[in-house]
Amino acid sequence: MATFSPSTHCPSSSAYSNSSSVINGTNRLHQRIALSSILPKRCRSRKLSLQQSSNGVSLSKAVHVQDGATNMKTSPVESDGPVKILKDGILSVPLPPPEEVKDIASFDFDKDKSTVSITVVGASGDLAKKKIFPALFALFYEGCLPEHFTICGYARSKMSDAELRTMVSKTLTCRIDQRENCGEKMDQFLERCFYHPGQYDSEENFLELDRKLKEHEAGRVANRLFYLSIPPNIFVDAVKCASSSASSANGWTRVIVEKPFGRDSESSAALTRSLKQYLDEDQIFRIDHYLGKELVENLSVLRFSNLIFEPLWSRQYIRNVQFIFAEDFGTEGRGGYFDNYGIIRDIMQNHLLQMLAIFAMETPVSLDAEDIRNEKVKVLRSMRPLRLDDVVVGQYKSHTRGGVKYPAYTDDKTVPAGSLTPTFAAAALFIDNARWDGVPFLMKAGKALHDRRAEIRVQFRHVPGNLYNKNIGTDLDLATNELVIRVQPDEAIYLKINNKVPGLGMRLDRSNLNLLYAARYSKEIPDAYERLLLDAIEGERRLFIRSDELNAAWSLFSPVLKELEEKKIVPEYYPYGSRGPVCSHYLAAKYKVRWGDIGSDQQ
């Protein structure tokens, strides 16, 4: 059997497999999974499968169109190609010449029958301007959007199509390695962008939006994606109106929901119940943009595709795991929004906990979205309840450095005076299962720190009976093997090992085996929003958060958040631009851990 999985848009996404097997001594052929079917779909709008029967008599051509389009089969015909019987009864079916394969693979069966309409709800906001529109243009520039698509901005602001295009054009950039036709591509993209003003709770306005979308869909099968780039308190109103007045009549309708997904377990559950009054679970795409980052997506590849790592991925060899998020700037005028949530809700409960779940999960049955999300939920449900004793909170204060005065958090005019909202938090978490029992998983996240980074640091156990202890000295931590996965900036994976310094003596040095992405790969790394938008269009849910997964995440943090607020715990104040509260180091020391980003040799 030969299977072709071509992309009609992005050439680099094609994969090919030519293999079959004989089961239980019969001549029945069973298709092996092609590489393209176990890897995430990249810009693939359809799959063409050619099947050769075991007796060489029939050839059936089946066209599989993504997202529920009908399958079409032809009647059996005589095969005029020779079939050779190889060792063990395996059949060899000759393939057509490459040029014929190319012609078959690129034949577009439904290019005139369907379209995708992408509505950015909240189009005048910062997220839409800085992330969503640029990501959509990047997908268009790479040829990853369908041939027929429309982008519609929807917001309360009065704006014309021309004004929207002017606003969007200021934020568009082309790939570094493909700038020859940048201006032309921008013009083509902007021609597909339209605007419709309206209230988020007006069914009448959404009906008007529906009529405008139908004009551009021109009678094709209409698939519609709504991106809610709006405050969470109006999610439900917008979803109700979109569902009742602007959903697709003959295609799929999907809604991307931005975090925060509530403030605690109760509000999150209430939001989910409200959304499910108007949408099915498989229509809701809860987006956490960290799941779209290259190094986070590479986590499972690193572990499950490299034999040297998977046997070490347990309590037997790993001493602790650290998830670190640091920003070197404060709230910068966003204090009003931030003060309602704080660093734990804004970063730890979603970004860092999602990375932890992917890192610690068991091997999934497959790379199917539900199999992966099932394993993540198991990890979250296995986690020990978080205690207040294992949490440190801080808030940055004013600091003068180099003659420049940096403001305190409460100096932000949008922040209430006397606010106790933490801008820094550290926590020690544990997973009570056979693989991770007793291993501390440390998290810390903060604003206005000494540098900017997001990384995972895996510190391995000390070598028992190390022959070179006398060469290492008393600080065994400096001799600890450490795997560092730097998510941002300067994406990299590096492993810290002990090595002999060249020379006649025996002196040991800590060195890095370093995979720096910028040096290894010439291609620019796509923005996380590009990957997630493409997945939503394709119906790939692997990198989106399921409702039970969200419930498990909130169950872990809600009790501590409630206790912090009820007891009015005063955060430890740390200077703007410092390494954060001193108590975070005591928390790590409590479990015999040293933060990996602190030290003379840190990277």
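Below is a table of values for the structure above.
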item	result
Number of the condition not met by residue 213 [criteria: (1) in contact (Cβ under 8 Å) with a residue 60 or more places away in the chain; (2) crowded, with 16+ Cβ neighbours inside 10 Å; (3) out of contact with any strand residue (DSSP E or B) (no Cβ under 6 Å at 6 or more places or on another chain); (4) farther than 24 Å from residue 558 by Cα]	(3)
In region 569-591, the residues that are over 29 Å from the mean Cα position of the chain (by Cα), open to solvent by 60 Å² or more (accessible area, probe 1.4 Å) and more than 18 Å from residue 387 (Cβ to Cβ)	570, 573, 582, 585
Criterion: of a type in the set (Gly, Ala, Ser) and either in contact with a Gly (Cβ under 8 Å, 6 or more places away or on another chain) or crowded, with 19+ Cβ neighbours inside 10 Å (or both) - qualifying residue of 218, 222	222
Given (1) open to solvent by less than 30 Å² (accessible area, probe 1.4 Å); (2) over 26 Å from the mean Cα position of the chain (by Cα), number of the condition residue 235 does not satisfy	(2)
Number of positions in region 325-350 that are within 27 Å of residue 480 (Cα to Cα) and surrounded by fewer than 23 Cβ atoms within 10 Å (Cβ to Cβ)	2
Selection status of residue 410, β-branched (Val, Ile, Thr), farther than 19 Å from residue 546 by Cβ, open to solvent by 20 Å² or more (accessible area, probe 1.4 Å) and outside any helix (DSSP H, G or I)	no
Members of region 249-305 that are open to solvent by 20 Å² or more (accessible area, probe 1.4 Å), more than 16 Å from the chain's Cα centre (by Cα) and closer than 24 Å to residue 123 by Cβ	249, 251, 252, 271, 274, 278, 283
Failed criterion for residue 362 (all others in (1) acidic (Asp, Glu); (2) more than 30 Å from residue 243 (Cα to Cα); (3) part of a helix (DSSP H, G or I) hold)	(3)
Selected residue (only one of 142, 147 is over 26 Å from residue 288 (Cα atoms) and either among the aliphatic types (A, V, I, L, M) or out of contact with any strand residue (DSSP E or B) (no Cβ under 7 Å at 6 or more places or on another chain) (or both))	147
Scan of region 146-161 for residues that are at pLDDT 90 or above and open to solvent by 60 Å² or more (accessible area, probe 1.4 Å), ordered by number	156, 158
Residue satisfying all of: in region 521-543; closer than 29 Å to residue 273 by Cβ and of a type in the set (Lys, Arg); most open to solvent (accessible area, probe 1.4 Å) among these	541
Enumeration of residues in region 283-341 that are among the small types (Gly, Ala, Ser) and closer than 27 Å to residue 548 by Cβ	292, 300, 314
Any hit, region 372-390, residues being in contact (Cβ under 8 Å) with a residue 12 or more places away in the chain, small (Gly, Ala, Ser) and part of a loop (DSSP other than H, G, I, E, B)	yes
Identity of the residue in region 431-464, outside any strand (DSSP E or B) and within 22 Å of residue 581 (Cα to Cα), that ends up nearest to the chain's Cα centre (by Cα)	452
So residue 546, is it in contact with a strand residue (DSSP E or B) (Cβ under 9 Å, 6 or more places away or on another chain), among the charged types (D, E, K, R) and either open to solvent by 10 Å² or more (accessible area, probe 1.4 Å) or closer than 24 Å to residue 355 by Cα (or both)	yes
Of residues in region 216-274 being in contact (Cβ under 8 Å) with a residue 60 or more places away in the chain and among the basic types (Lys, Arg), the one farthest from residue 544 (Cα to Cα)	220
Members of region 304-329 found to be among the charged types (D, E, K, R) and at pLDDT 90 or above, listed by number	315, 319, 327, 328
Residue in region 169-196 that is surrounded by the most Cβ atoms within 10 Å (Cβ to Cβ), counting only those that are at pLDDT 90 or above and within 16 Å of residue 227 (Cβ to Cβ)	195
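The values are calculated or read from the model by the stated rules, or taken from the named source; none is laboratory data. All values reported here derive from a predicted model rather than from experimental measurement. Glycine gets a Cβ as well: all are built from the backbone with ideal geometry, and neighbour counts include every protein chain shown. Ligands, DNA and RNA are stripped out before the accessible areas are found, and what is left, the full protein with its side chains, is counted by its heavy atoms. Shrake-Rupley method; radii C 1.70, N 1.55, O 1.52, S 1.80 Å.
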